[in-house]
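> Okay, here's the structure, questions in a sec.
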Amino acid sequence: MRNREMYAEPYRIKMIEPIKIRDRETREKLIVDAGYNVFNLKAEDVYIDLLTDSGTTAMSANQWAGMMLGDESYAGCRNFFNLQDALKDIMGYQYVVPTHQGRAAENILMSMFVGEGQRVIGNMHFDTTEGHIRMRKAFPVNLVIDEGLDTASDHPFKGNINLEALEEELKNSTPAELPLVIITVTCNSNGGQPVAMDNIRAASSLAKKYKRPLFIDAARYAENCYFIKQRDPHYSNHSVKDIAREMFSYADGCTMSSKKDALVNIGGFLAFRDNEEWYERAVQIQICYEGFRTYGGLAGRDLEALARGLHEGTEEDYLEDRIGQVHYLGRLLTAEGIPIVLPVGGHGVFIDALQFLPHIPQSKLPGQTLAVELYRAGGIRAIELGTCAFGYIDQATGQEVYPQQELVRLAIPRRVYSDRHMRYVADTLIEIGRHKEAIKGMKIIYQTELMRHFTARFALL
Ligand code: F0G
């Protein structure tokens, strides 16, 4: 990677959106009113919002100009064909089924392939993917390599799927038992870690050998391709677009949340390489849930911004700046000894809350406590990915089951914040670190059975 100190952002700012920081006393009150759940805060009460990199992108002048060319015809709008062309160019895929966002594409895919009692294999399925599998009384199976779950490992491709385990699963099952393999690039659930080209190629041959379809969850595909260029010497002279084309050639299709690497605020799609029969089946479901085949729940203008964003998302100066900024924040934190997941992934920095607040046991929710502290100390919003998000109460024993990791994600929106914002985030964390002994942990006082981190309420200990 080029030295970030040697150059600046590959864009300048045409329009600004004011943000305000509430004073400490106001923040203390607002977070109490929110039940100590940052999802309940009003966005305007947040100074730097790192809740997600999804749908939070700043679009370019080119995308906004494209919005004015939205063709709002019910059927056959020109923007759909521009989207189709973008997919052929970048992914080499013939058929695209637009959807209102990524999980809607997952819904169509799972409706087509997955039924009760089946297993769906992946490196690590994202939450909504798991949700769609479980809703069909099927079982999500995650086969990420061991290094992928080891925060101390510096493996360059921690999103890789364990190929031996994959072959075991495929060999010992029929297509009726295991209908589908999904590889998520980058792997969000372990920190935005990339998947190697070799790994995707090998997974693809296994899927072919045992006659199962392989799909890519492409939400952050461009970031994944950029990592391949950086970390696999074989690809250092290839363009990101060429890498993408090769990567997608190994799969039968993909789902995509366009709210990430396609640089738009809403949208998604399901795509197929060349299987017309699958495409026509998908369209049946799309029409019921999303809309006619050429708009799928999106306005013509949204389709245009998406078509243009797909191209911009593969531009290498953009990717260098984007991933460079995430890594810049990572360096600021490691320089101060703040424990984060290494190597830093593509879309955010993940703090290891158990190490950062070692005096707070997992039962006292160190991740949620740190997320709350970030808001109290600096007006920053981050998301807990630990006990609240992934822990649950075992119905048989009534006991809390704790996840392996207790992380807080600082997801960085694309093209939105400056390096000075990153510096401020780092300074806030350093300041929290200085007074951390005074932080006591939290407990849950209200929760729902499913997806509790969106709705739970907490009390300070
Ligand atoms: N797949 C991955 C890898 C994701 O990260 C997400 C969303 C989805 C699918 C679902 O897409 O939101 O458009 O329906 N991730 C967001 C996040 C919500 O914050 O990481 P969607």
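The values are calculated or read from the model by the stated rules, or taken from the named source; none is laboratory data. Please read these numbers as outputs of a predicted model, since none were measured by experiment. As a convention, Cβ positions derive from the backbone with ideal geometry for all residues, glycine included, and neighbour counts pool all protein chains shown. Protein only, heavy atoms only, side chains kept; ligands, DNA and RNA dropped before computing areas. Shrake-Rupley method; radii C 1.70, N 1.55, O 1.52, S 1.80 Å.
> I need the phi-derived Karplus couplings for the range 207-213: 6.51 cos²θ - 1.76 cosθ + 1.60, θ = phi - 60°, integer Hz, Gly and Pro marked x.
Residue by residue, the range 207-213 yields 4, 5, 4, 9, 6, 10, x Hz.
> Once Lys and Arg get +1 and Asp and Glu get -1 on their Cβ, which of 199, 210, 61 lies farthest toward the positive end of the dipole of the chain?
61
> I've got another one for you. Report the Rg/Rh value for the range 61-312, based on alpha-carbon coordinates and the Kirkwood definition of Rh.
Result: Rg/Rh = 0.96.
> Two decimals, Cα atoms only, Kirkwood Rh: what is Rg/Rh over the range 1-77? Walk me through the numbers before you get to the answer.
Values: Rg = 18.9 Å, Rh = 16.8 Å.
Value, to two decimals: 1.13.
> 5 Å is the cut-off here: which amide hydrogens, built 1.01 Å from N in the peptide plane, fall below it relative to residue 385, excluding neighbours closer than 5 in sequence?
Excluding prolines and chain starts, which carry no amide H, the hits are 407, 408, 409.
> Once both axes come from the Cα atoms, what is the angle between helix 102-113 and the longest principal axis of the chain, in degrees from 0 to 90, rounded to 10?
Approximately 50 degrees, to the nearest ten.
> Let me ask something else. Considering only C-alpha atoms, what is the centroid distance from the range 426-451 to the range 132-161, in Å?
Distance between centres, Cα-based: 26 Å.
> Can I ask one more? May I ask for the net charge around residue 45, where only other residues with Cβ less than 11 Å from the Cβ of residue 45 are counted and Lys, Arg are +1 while Asp, Glu are -1? Please list the in-between numbers first.
Details: positive: 20, 22, 27, 29, 42, 381; negative: 33, 44, 49.
Taking every Cβ under 11 Å from that of residue 45, the sum is +3.
> Could you do me a favour and compute the accessible area per residue for the chain, 1.4 Å probe, result in Å²? Write down the numbers at each step before the final one.
Values: 19400 Å² over 461 residues.
I get 42 Å² per residue for this part.
> Write out the GluC sites (Glu not before Pro) in the range 70-157 meeting two conditions: DSSP loop, and at most 13 other Cβ atoms within 10 Å of their Cβ. Working shown, then result.
On the way: sites: 72, 106, 116, 130, 147; in loops: 72, 116.
Hits after loop and neighbour filter: 72, 116.
> Right, next: Pull up all non-local amide H partners of residue 184: gap of 5 or more, or a different chain, and H-to-H distance under 5 Å with H placed in the peptide plane.
It is 123, 124, 217, by chain and number.
> Students often get this wrong: which residues of the range 153-182 have the backbone nitrogen under 17 Å from the point 7 angstrom along Cα-to-C-beta of residue 401?
Of the residues in the range 153-182, none has backbone N under 17 Å from the label point off residue 401.
> Which entries in the list 209/229; 211/259; 158/259; 137/211; 42/158 go over 25 Å, if you measure between the two C-alpha atoms of each?
On the way: 209/229 28 Å; 211/259 32 Å; 158/259 23 Å; 137/211 23 Å; 42/158 35 Å.
Checking Cα-Cα distances, 209/229; 211/259; 42/158 exceed 25 Å.
> Could you pull out every one of the aspartates and glutamates with an alpha carbon less than 15 Å from that of residue 171, ignoring same-chain neighbours closer than 8 positions?
none
> Enumerate the amide H contacts of residue 268 below 5 Å, restricted to partners 5 or more residues apart or on another chain; note that Pro and chain-start residues carry no placed amide H.
99, 101, 258
> Given the DSSP H assignment, sum -39500 (n - 2.57) over each helix run of at least 4 residues in the chain and divide by its residue total; what's the result at 222 nm in deg cm²/dmol, nearest 500?
On the way: 17 runs with 183 residues, N = 461.
Mean residue ellipticity at 222 nm (helix-derived): -12000 deg cm²/dmol.
> Could I ask something else about it? At 20 °C and a viscosity of 1.002 mPa s, what translational diffusion coefficient does Stokes-Einstein give for the range 329-461, taking Rh as the Kirkwood radius over Cα pairs? Give it in µm²/s as a whole number. List each step's numbers first, then the result.
Values: Rh = 15.3 Å.
It comes out at roughly 140 µm²/s.
> To continue, here is another question. Can you run phi through the Karplus equation (6.51, -1.76, 1.60; θ = phi - 60°) for the range 293-302 and list ³J(HN,Hα) in whole Hz, with x for Gly and Pro?
Result, rounded to whole Hz: 4, 8, 9, x, x, 10, 6, x, 5, 5.
> Given N residues in the chain, what is Rg(Cα) / (2.2 N^0.38 Å)? Could you put the intermediate results ahead of the total?
On the way: Rg = 21.7 Å, N = 461, 2.2 N^0.38 = 22.6 Å.
Rounded to two decimals, the normalised Rg is 0.96.
> P(r) for the range 1-156: what percent of alpha-carbon pairs falls in each 10 Å bin, starting at zero?
Spelled out per bin, shortest first, that is 8, 18, 25, 33, 16, 1.
> Could you give the size of the charge dipole of the chain about its Cα centre, using +1 on the Cβ of each K and R and -1 on the Cβ of each D and E, expressed in debye and rounded to the nearest 20?
Values: 52 positive and 61 negative charges, 123 e Å.
Dipole magnitude for the chain comes out near 600 debye.
> If I fit a long axis through the Cα atoms of helix 24-33 and take the longest principal axis of the Cα atoms of the chain, what angle between them do I get, 0 to 90°, rounded to 10?
That helix lies at roughly 60 degrees to the long axis.
> When the Karplus curve 6.51 cos²θ - 1.76 cosθ + 1.60 is applied with θ = phi - 60°, which whole-Hz ³J(HN,Hα) does each residue of the range 351-365 get, with x for Gly and Pro?
8, 8, 5, 5, 7, 5, 10, x, 7, 10, x, 4, 5, 9, 6
> Compute the helix-to-body angle for 419-434: its Cα long axis versus the longest principal axis of the chain, expressed 0 to 90° and rounded to tens.
Helix 419-434 sits at roughly 50 degrees to that axis.
> Taking all protein chains as present, what is the carbon and sulfur share of the accessible area of the range 17-153, in % to the nearest whole number, probe 1.4 Å?
On the way: 3280 of 6300 Å².
About 52 percent, which is the carbon plus sulfur part of the accessible surface.
> Separation of the range 101-120 and the range 188-267 by C-alpha centroid, Å?
The two parts, judged by their Cα centres, are 19 Å apart.
> Oh, and also: Which is farthest toward the positive dipole end of the range 306-409 among 323, 398, 383, measuring Cα position about the Cα centre, with Cβ charges +1 (Lys, Arg) and -1 (Asp, Glu)?
398
> So how far apart, in nm, are the two label points at residue 359 and residue 430 if each is 7 Å from Cα heading toward Cβ?
Calculated label separation equals 2.2 nm.
> Based on the alpha-carbon gyration tensor of the range 199-340, what equivalent-ellipsoid semi-axes (square roots of 5 times the eigenvalues) come out, in whole Å, largest first?
Ellipsoid half-lengths, sorted descending, are 30, 21, 14 Å.
> Quick check on the range 61-312: of the DSSP beta bridges with both residues there, what percent are antiparallel, nearest 5%?
45
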